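Take a look at the structure set out below.
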Amino acid sequence: MGKPVNSRSQKQTSAALPVGASGADIAPPAPGPVDKAMEVLTALAEAGAPHRLADLARSTGLAKPTVHRLLRALAASGYAEPGPGGSYRPGPRLLGLAAGVLADDAALRRVGPVLDELRVRTGLFASYVVRDDRTVIHLDVRAPAQDFGLGLSPGFREPLTSGAAGLALLADLPAAEREPLSAGPDGAPADEVTRAVLSAAARDGYAFDGSDAWLDRRALAAPVRDATGRAVGALVLTGLAFTLDEAAARLYGPVVRSAAAAVSAGLAAQPGARLGLVPGHDRDTDRGAGTAGSGGAEESR
């Protein structure tokens with residue numbers, strides 16, 4: 001018997017059930033062929049390609065025969081490409097689409113030179129991230145001459161609350177939006193360390209992750225805002241603990257904050273620019289609450 005489907009789209013549908021409704025009252029619709037294909041395509045585009053069939057099945061929650069059939073169809077269309085040992089990687093057509101979208105993005109065009117300057121000035125990884133629901137994705141990464149084996153590259157994804165990148169974006173949200181996103185896996189309120197980082201980020205205009213969430217990795221980040229003042233991305237510096245300790249964070253934090261403000265000022269002249277990857281069910285809320293003076297950051301600005 002194949003593995004039960006437990007796809008991302010199904011999880012999001014379940015999470016969107018009305019308050020007080022149980023699964024017995026309103027059953028989420030079963031994922032269709034398009035949903036399954038998108039799950040496989042998303043997993044295929046994750047960092048670490050080529051991906052084995054078993055790994056893709058595990059990350060999507062789909063049965064191996066289903067994943068294999070979808071991979072063959074994607075490969076026939078150029079969106080996937082067979083790799084060694086039965087593995088698969090993104091195909092040329094998918095890479096071409098991604099390159100075209102990124103080249104046309106106003107934020108990334110402005111961010112690129114800023115990231116290069118930050119990398120040269122600090123000797124650290126400099127990247128630009130956007131939010132995707134409860135994760136952040138590094139869209140552009142500029143690596144220093146010595147990368148210290150951190151493996152940070154475009155497409156790298158991490159939980160929203162695991163480091164400075166996500167925490168900088170969370171700190172800029174109104175409390176009503178921030179609290180459920182910063183809650184633990186069991187729905188418990190954010191722990192004391194996370195609350196302290198969010199409070200400091202709202203006060204200082206940048207977040208520093210000194211809690212050892214990634215063992216010897218540290219990061220600091222400042223939000224980039226669009227013409228409405230809504231945080232749509234963040235500039236991030238990442239390095240090993242000995243290169244980015246608290247003293248370095250106090251030195252580099254204002255630098256990253258100023259760089260993010262300069263990018264934001266440039267984007268303010270381009271209303272309607274495509275920025276960030278926030279799920280559709282959040283967009284109306286974001287538009288209603290996304291002002292420069294909203295949430296916990298209001299008193300610090």
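The values are calculated or read from the model by the stated rules, or taken from the named source; none is laboratory data. Just so you know, these numbers come straight off a predicted model, no measurement behind them. Every residue, glycine among them, receives a Cβ derived from its backbone with ideal geometry; neighbour counts consider all protein chains shown.
Tabulated values for the structure
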{"item": "Any chance Thr13 is of a type in the set (S, T, N, Q) and modelled with pLDDT of 80 or more", "result": "no"}
{"item": "Scope the range 166-191; condition acidic (Asp, Glu) and not in a helix (DSSP H, G or I); matching residues", "result": "Asp172, Asp186, Asp191"}
{"item": "Any hit, the range 173-184, residues being among the acidic types (Asp, Glu), farther than 27 Å from Thr42 by Cα and out of contact with any strand residue (DSSP E or B) (no Cβ under 6 Å at 6 or more places or on another chain)", "result": "yes"}
{"item": "Residue that is touching a residue at least 24 places away in the same chain (Cβ under 8 Å), in contact with a helix residue (DSSP H, G or I) (Cβ under 8 Å, 6 or more places away or on another chain) and not acidic (Asp, Glu), where the choices are Arg131, Arg157", "result": "Arg131"}
{"item": "All positions within the range 55-76 that are farther than 24 Å from Leu152 by Cβ, out of contact with any Lys or Arg (no Cβ under 7 Å at 6 or more places or on another chain) and among the aliphatic types (A, V, I, L, M)", "result": "Val67, Leu71, Ala73, Leu74, Ala75, Ala76"}
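Yes/no matrix, rows are residues, columns are (1) at pLDDT 90 or above; (2) assigned to a loop (DSSP other than H, G, I, E, B); (3) acidic (Asp, Glu):
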residue	(1), (2), (3)
Leu237	yes, no, no
Phe242	no, yes, no
Pro254	yes, no, no
Ala259	yes, no, no
Gly266	no, no, no
Leu277	no, yes, no
Thr285	no, no, no
Gly296	no, no, no
Glu299	no, no, yes
